[in-house]
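A.B. asks: Sharing a structure below in structure tokens format, with a few things to ask.
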Ligand code: AP5
Ligand code: ZN
């Protein structure tokens, strides 16, 4: 199956994507991770997008569609799209790319979380620089302070765009440009919705139930 995780910044898309990789052998395609990788490897594109990302604005459709096209054309199936599409042109582009490969998006899972919760989730988030595991100061701390539970790395990082100003911009971008996708996929008939405010395991179980029901 190919699925899209749709939700505002901090909804838990990355957290649930990592579970789905493990439990179902799906491949995560996170445009946020791809862009951060481009930044840290210092490519021209990485340099161009760095400021835009730190402000919390969306990168151009052209750039992110290019990144996704490259990955889809490498083949494989069973993708989790995390943080893509984020605009209507991106959604149309994905549809066309999948059709070219003889594939389709089987389910779009909307993760509903209210804005106040997003603020505390984003302000407490940190991730492992080595394996990518996502943590939270309160809801998902490491077992040993300063050390990743999964890989033992001590390279724990906070993102440059996880501050109050950028988060406001990211939320505004979400409501203006990304939330119309909920109606778009509802009309296409493949929209599902889960309560993203529940505990991590409960959200995971709700998602599993959605995926198990797919034809
Ligand atoms: P991106 O990296 O996609 O960030 P985002 O959408 O803002 O999403 P986040 O990674 O912040 O949140 P998440 O939903 O994955 O939550 P997480 O699981 O970490 O994008 C960054 C930037 O890149 C964009 O601003 C833009 O500039 C650019 N970009 C990327 N894609 C683009 C595109 N398609 N088009 C244009 N520009 C693009 O969880 C958050 C925290 O909550 C964690 O600490 C976690 O431990 C905790 N948590 C998770 N679930 C729960 C739970 N159920 N209960 C309690 N705590 C929880
Ligand atoms: Zn790790």
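The values are calculated or read from the model by the stated rules, or taken from the named source; none is laboratory data. Everything numeric in this text was worked out from a predicted model, so none of it was measured. Here the Cβ positions follow ideal geometry from the backbone for every residue, glycine too, while neighbour counts run over all protein chains shown.
A.B. asks: Is there a residue being away from ligand 1 (no atom under 14 Å from the Cβ), at positive phi, at pLDDT below 95 and surrounded by fewer than 18 Cβ atoms within 10 Å (Cβ to Cβ) anywhere in the range 102-110?
C.D. replies: yes
A.B. asks: Report whether or not residue 203 is away from ligand 2 (no atom under 16 Å from the Cβ) and surrounded by 13 or more Cβ atoms within 10 Å (Cβ to Cβ).
C.D. replies: yes
A.B. asks: Does any residue in the range 153-164 that is more than 10 Å from residue 122 (Cα to Cα) and assigned to a strand (DSSP E or B) come within less than 8 Å, Cβ to Cβ, of a residue that is within 16 Å of ligand 2 (Cβ to nearest atom) and at pLDDT below 95 six or more places away or on a different chain, and which pairs are these?
C.D. replies: Note: pairs meeting the criteria are 156/129; 157/129.
A.B. asks: Considering the range 40-66 alone, what residues qualify as being buried (at least 18 other Cβ atoms within 10 Å of the Cβ) and closer than 24 Å to residue 16 by Cα?
C.D. replies: 53, 56, 58, 59, 64, 65
A.B. asks: Within the range 128-161, which residues are more than 12 Å from ligand 2 (Cβ to nearest atom) and in contact with a helix residue (DSSP H, G or I) (Cβ under 6 Å, 6 or more places away or on another chain)?
C.D. replies: Hits for the range 128-161 are 136, 137, 138, 160, 161.
A.B. asks: Here's a follow-up. Quick one: count up the residues across the range 127-148 that are under 18 Å from residue 199 (Cα atoms) and outside any loop (DSSP other than H, G, I, E, B).
C.D. replies: 4
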